[in-house]
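Rule-based calculations on the coordinates, nothing more; no lab input. Keep in mind the model is a prediction, meaning the values are calculated, not measured. Quick reminder, even Gly has a Cβ in these numbers, built from the backbone with ideal geometry, and neighbours come from all protein chains shown.
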Amino acid sequence: MKINELVLKTESFLNELKYISNFIEDRDIYKISNKLKNCTHNLTDILEKGLQENERIKKIRAFVRVNSSLEECKSYLSLIDQLQYYQTDYAQIELDNINKEIIDNYQTALN
């Protein structure tokens, strides 16, 4: 998948997360909606810049940041689902698919 396509797909997914976050905001006593927003802040910028880096170490650092953010996001989605604030099965599957594509792109970029 091309970098631009991956970034667009990631942006679309982040919009879905914003919807979920806004949807649960009124009954969110644990402030999960804010944490969900924070863990994805600038994610597409980091992804795009990381894949375009020339230095291997900078690519790796960007990948670690993106991957860590997605894992944190996955934890919050799971918690939202467990608290029955919102059904997040589809979002979790989409997150896994995007994460797989990001890993594939970074592996290609690092070789």
Check your understanding: When residues of the stretch 7-66 are filtered for being of a type in the set (Asp, Glu) and in a helix (DSSP H, G or I), how many remain?
Key -> 6
Practice item. Among the residues of the stretch 59-85, write down those that are of a type in the set (Ser, Thr, Tyr) and surrounded by 15 or more Cβ atoms within 10 Å (Cβ to Cβ). Key: 69, 76, 85
Check your understanding: Is it true that some residue in the stretch 40-54 is surrounded by 14 or more Cβ atoms within 10 Å (Cβ to Cβ), more than 14 Å from residue 98 (Cβ to Cβ), without any contact (Cβ under 8 Å) to a residue 60 or more places away in the chain and of a type in the set (D, E, K, R)?
Key -> yes
